[in-house]
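Working notes, structure below.
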Amino acid sequence: GESVGLHLPTLSVQEGDNSIINCAYSNSASDYFIWYKQESGKGPQFIIDIRSNMDKRQGQRVTVLLNKTVKHLSLQIAATQPGDSAVYFCAERPGGYNKLIFGAGTRLAVHP
Amino acid sequence: EAQVTQNPRYLITVTGKKLTVTCSQNMNHEYMSWYRQDPGLGLRQIYYSMNVEVTDKGDVPEGYKVSRKEKRNFPLILESPSPNQTSLYFCASSFQDRAGYTFGSGTRLTVV
């Protein structure tokens, strides 16, 4: 598959445990924050987004938390499954700009 | 199936030989964009287009051209490829008011 990063931080979890992936962002004026999942050989896949005027949003098995005070974003995955193994990227959209700024990514490894 | 289609998936070429990577989406998205992904540098925006005949530079536009003659297509043109353009390229699209992009599967380009 395609290599997305040689020295990414890795989070190793047991199947069935909850995972928390963290991200620090840079731009206080960003209006959207998004989490993407990238599996080997594939393009980034949208997971969930959150607007800057919210602090929590839930999806199916995922929750995104936004702490604007410390410019921190986290993705929580409940009951992690082997299919969740991938590289996870956070991204921010600077207000007024049509672009996404991506973080470096975190590799999630799920062990049986 | 709603998707972003890139071609080719893999390409090896020689320095200076013009090439085009095609991108097509079937979701009637106004916004399209090209990113490159490099180890340690993450995803960086090359060019984007807000709609037909409207394009603008991203963060790393040098050595690339784009065109948006039709809403569904957004080709990436390398007039004179160089080895530093060896990378994994992704096309993405979205509706104008949405932050979450749909990405293609990627094009692995090697310039020798």
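The values are calculated or read from the model by the stated rules, or taken from the named source; none is laboratory data. These numbers were taken from a predicted model, which means no experiment stands behind them. So basically every Cβ, Gly included, is an ideal-geometry build from the backbone, and we count neighbours across all protein chains shown.
Kindly indicate the residue of segment B:91-112 that is within 9 Å of chain A (Cβ to nearest Cβ) and assigned to a loop (DSSP other than H, G, I, E, B) and also nearest to B:Met50 (Cα to Cα) among those meeting that condition. Looking at residues that are within 9 Å of chain A (Cβ to nearest Cβ) and assigned to a loop (DSSP other than H, G, I, E, B), I get B:Gln96. Is it true that some residue in segment A:4-24 is within 13 Å of another protein chain (Cβ to nearest Cβ) and over 16 Å from A:Thr106 (Cα atoms)? No, segment A:4-24 has no match at all. Elements of the type strands (runs of 3 or more DSSP E) sitting completely within segment B:23-90 and holding at least 3 residues that are at pLDDT 95 or above and among the aliphatic types (A, V, I, L, M): these cover B:76-78. Among the strands (runs of 3 or more DSSP E) confined to segment A:7-66, the ones with at least 3 residues that are touching a Phe, Trp or Tyr at 6+ places or on another chain (Cβ under 8 Å) are located at A:30-38, A:45-51. Checking B:Leu88, B:Leu109, B:Leu76 one by one, the residue that is surrounded by 16 or more Cβ atoms within 10 Å (Cβ to Cβ) and touching a helix residue (DSSP H, G or I) at 6+ places or on another chain (Cβ under 9 Å) is B:Leu109 and no other.
Scanning segment A:20-55 for residues that are of a type outside the set (S, T, N, Q), within 20 Å of A:Asn98 (Cα to Cα) and over 14 Å from the mean Cα position of the chain (by Cα), we see that the one that is surrounded by the most Cβ atoms within 10 Å (Cβ to Cβ) is A:Gly43.
In the set B:Tyr64, B:Tyr89, only one residue is out of contact with any Cys (no Cβ under 6 Å at 6 or more places or on another chain), farther than 17 Å from B:Thr15 by Cα and hydroxyl-bearing (Ser, Thr, Tyr); that residue is B:Tyr89. Of the candidates A:Arg61, A:Arg93, the single residue that is at pLDDT 95 or above, of a type in the set (Lys, Arg) and surrounded by 12 or more Cβ atoms within 10 Å (Cβ to Cβ) is A:Arg61.
For segment B:40-65, taking the residues that are of a type in the set (A, V, I, L, M, F, W, C), closer than 17 Å to B:Leu88 by Cα and touching a residue at least 24 places away in the same chain (Cβ under 8 Å), the one that is nearest to the other protein chains (Cβ to nearest Cβ) is identified as B:Leu43. The lone criterion from (1) more than 10 Å from chain A (Cβ to nearest Cβ); (2) of a type in the set (Asp, Glu); (3) under 23 Å from A:Asp31 (Cβ atoms) left unmet by B:Glu70 is number (3).
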